[in-house]
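Encoded as structure tokens, the structure appears first; notes follow it.
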Amino acid sequence: MFEYDCITSEEVQVLRKGLETLNISVSEKSLDQAIQYLDLLEKWNGAINLTAIRERNRMLPLHLMDSWSLAPFLKESDSLLDVGSGGGFPGIPVALIRPDLSITLMESNQKKVAFLKQAKIELNLSNLEIIGERVEQSTPSKLFNTITCRAFSDLSEFVRATRHLLQKGGEWIAMKGAIPYDEINRLPAGISTTITPIQIPGLKAERHLIHLRSAI
């Protein structure tokens, strides 16, 4: 049951309705933080190109709802790596509603890294870690049982660049629009693929999650 009695803003009402459609229950604090996150994006976007989406009403489905659609597929995860996080998608929105999940954002653009670090501080996200380096060269102290990307390169490059960071038995989840059949056909041998169509509240565009696992 959702209890957001003291929240009345139009944006939060939209978020509330969308979360109910996704069957995700979150706290009032998380909704407040989500709005604060959009405020930060708008403020920093004037100096750094964090996102080409600048209209608030488009940020709600294209950034927040789209990112949150990943959350139901992370129930078995305790560590998530978001590669090429850019302005923080999907990692930061997921961190807002899954404080129990350890999330690492990896981004090589240092200006964007500065934004991500400031967002972590201002949103008080203790479950979030920022790594400012290229994923191919990264040697973090731990491996991850789920690795995701939303705007990284094609699937074969995604797997190649991150394979050394995935725990044995872990899963890659790539967030895509239309099903990328050509990319799937170029995947390395031994990679199994599962495709999940998803519907983003407020967004008519086609969206799919591409789940990848290694048999090796």
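The values are calculated or read from the model by the stated rules, or taken from the named source; none is laboratory data. This is a predicted model, so every value here is computed, not measured. Counting neighbours? That spans all protein chains shown, and the Cβs are built from the backbone with ideal geometry, glycine included. Accessible surface is based on the protein model in full, side chains and every heavy atom, while ligands, DNA and RNA are left aside. Shrake-Rupley method; radii C 1.70, N 1.55, O 1.52, S 1.80 Å.
Quick look at the numbers
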| item | result |
| --- | --- |
| Strands (runs of 3 or more DSSP E) (entirely within segment 93-192) containing at least 3 residues that are open to solvent by 10 Å² or more (accessible area, probe 1.4 Å) | 128-131, 166-176 |
| Residue, farthest from the chain's Cα centre (by Cα), within segment 195-216, restricted to residues that are at pLDDT 95 or above and under 18 Å from residue 163 (Cα atoms) | 213 |
| Whichever residue in segment 42-64 is more than 15 Å from the chain's Cα centre (by Cα) and open to solvent by less than 70 Å² (accessible area, probe 1.4 Å) and, among such residues, is modelled with the highest pLDDT | 44 |
| Residue check, residue 198 touching a residue at least 40 places away in the same chain (Cβ under 8 Å) and more than 20 Å from residue 81 (Cα to Cα) | yes |
| Where residue 108 falls short, out of the listed (1) among the hydroxyl-bearing types (Ser, Thr, Tyr); (2) more than 14 Å from the chain's Cα centre (by Cα); (3) closer than 17 Å to residue 174 by Cα | (3) |
| Options 213, 150, 186, 160: the member that is in contact with a Phe, Trp or Tyr (Cβ under 6 Å, 6 or more places away or on another chain) and among the charged types (D, E, K, R) | 150 |
| Among the residues listed as 67, 79, the single one being at pLDDT 95 or above, within 23 Å of residue 121 (Cβ to Cβ) and surrounded by 19 or more Cβ atoms within 10 Å (Cβ to Cβ) | 67 |
| Count - residues of segment 14-30 that are open to solvent by 30 Å² or more (accessible area, probe 1.4 Å) and in contact with a Gly (Cβ under 8 Å, 6 or more places away or on another chain) | 1 |
